[in-house]
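Below is one structure, written out as structure tokens; comments come after it.
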Amino acid sequence: MARVALVTGGTRGIGEAISIALNTAGYTAVANYGGNDDAARLFTERTGIPAYKFDVSDYAAVESAIAMIARDIGPVEVLVNNAGITRDGVMHRMTFEQWNAVIQTNLASCFNLSRAVIDSMRERGFGRIVNIGSVNGQSGQYGQVNYAAAKSGIHGFTKALAQEAAAKGITVNAIAPGYIDTDMVRAVPPHVLEKIIARIPVGRLGKAEEIARTVLFLVAEDAGFITGSTISVNGGQHMY
Ligand code: CAA
């Protein structure tokens, strides 16, 4: 039976590419989304991949959604914690709401989702968890104390959970994308984005599919010895 692979934020941007790549590779892909119903409907029409709407920052909502997916489709054996938002602003103008929204959506979500699937992964003796971090969690970023803190937290979360889960056949890894050509990056002011691209040795933004292929590598059946690692996919922008 094909393994069920859940991708949070899986109907748009990097997540969409990951959902499609998993589906094409023979997994039973399931996408989560938070708000954009139209994008999710079009995504499902186009790909045939079911989309479940729930807020990844809401522990109780995640718990019941995972139970529903298990009933509808099967237990999640591959989890990609991809959902993320930005609320950029310099510290001296950042509000508590900007801080908290990013910490809850980008970091607390990793706890919420992983907690909801870990018992069944442990029982089955198999699991693959991939957390999408960021170059900005590795290097910091002007205007992103919230985002850099959350993404940096993901890298610590990954290493701690990898140690706990290893004995049960569960691997936990992170990918640190650089600037990928998505709506999120296109929202960066053009004069800023120009400077950022000038600092990427490969000379361009990354493609969502370039992150998706890294996910496929990490979740493969024969990737059981890779755990607690972070793979940077950033065009050489930051060599960690
Ligand atoms: N890298 C380099 N320089 C940056 C920068 C960045 N990421 N962000 C801002 N700066 C520079 C600007 O170029 C500008 O320099 P100059 O005065 O020399 O032109 C200076 O900082 C001030 O910037 P603004 O004029 O834009 O100031 P502002 O107060 O109006 O806005 C800001 C500040 C909200 C931080 C805005 O600059 C901004 O949104 N910056 C983008 C921050 C960013 O990189 N976000 C990443 C989003 S994508 C993502 O997060 C995905 C991922 O994982 C990689």
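Looking at region 9-31, is at least one residue of a type in the set (Asp, Glu) and more than 16 Å from the chain's Cα centre (by Cα)?
Looking for residues that are of a type in the set (Asp, Glu) and more than 16 Å from the chain's Cα centre (by Cα), one finds none in region 9-31, hence no.
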Quiz item: Which of the residues belonging to region 111-136 are of a type outside the set (Ser, Thr, Tyr) and within 16 Å of the ligand (Cβ to nearest atom)?
Solution: VAL130, ASN131, ILE132, GLY133, VAL135, ASN136
Quiz prompt | Residue count for region 191-236, restricted to those that are crowded, with 18+ Cβ neighbours inside 10 Å and in contact with a Lys or Arg (Cβ under 6 Å, 6 or more places away or on another chain) | solution = 1
Self-check item: Residue count for region 161-185, restricted to those that are at pLDDT 95 or above and either of a type in the set (S, T, N, Q) or farther than 30 Å from ILE118 by Cβ (or both)
Solution: 7
Quiz item: For region 1-21, what are the residues that are in contact with a Gly (Cβ under 9 Å, 6 or more places away or on another chain), open to solvent by 10 Å² or more (accessible area, probe 1.4 Å) and part of a loop (DSSP other than H, G, I, E, B)?
Solution: MET1, ALA2, ARG3, GLY9
Exercise. Name, by its number, the condition in (1) more than 16 Å from the ligand (Cβ to nearest atom); (2) farther than 30 Å from MET239 by Cα that does not hold for THR95.
Key: (1)
Exercise. Please enumerate the residues belonging to region 104-140 that are part of a helix (DSSP H, G or I), small (Gly, Ala, Ser) and touching a Pro at 6+ places or on another chain (Cβ under 8 Å).
Key: SER120
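The values are calculated or read from the model by the stated rules, or taken from the named source; none is laboratory data. What you are looking at is a predicted structure, and each value in this text was computed from that prediction instead of being measured. Every residue, glycine as well, gets a Cβ built from its backbone with ideal geometry; the counts of neighbours run over all protein chains shown. For accessibility, only protein heavy atoms count, side chains too; no ligands or nucleic acids. Shrake-Rupley method; radii C 1.70, N 1.55, O 1.52, S 1.80 Å.
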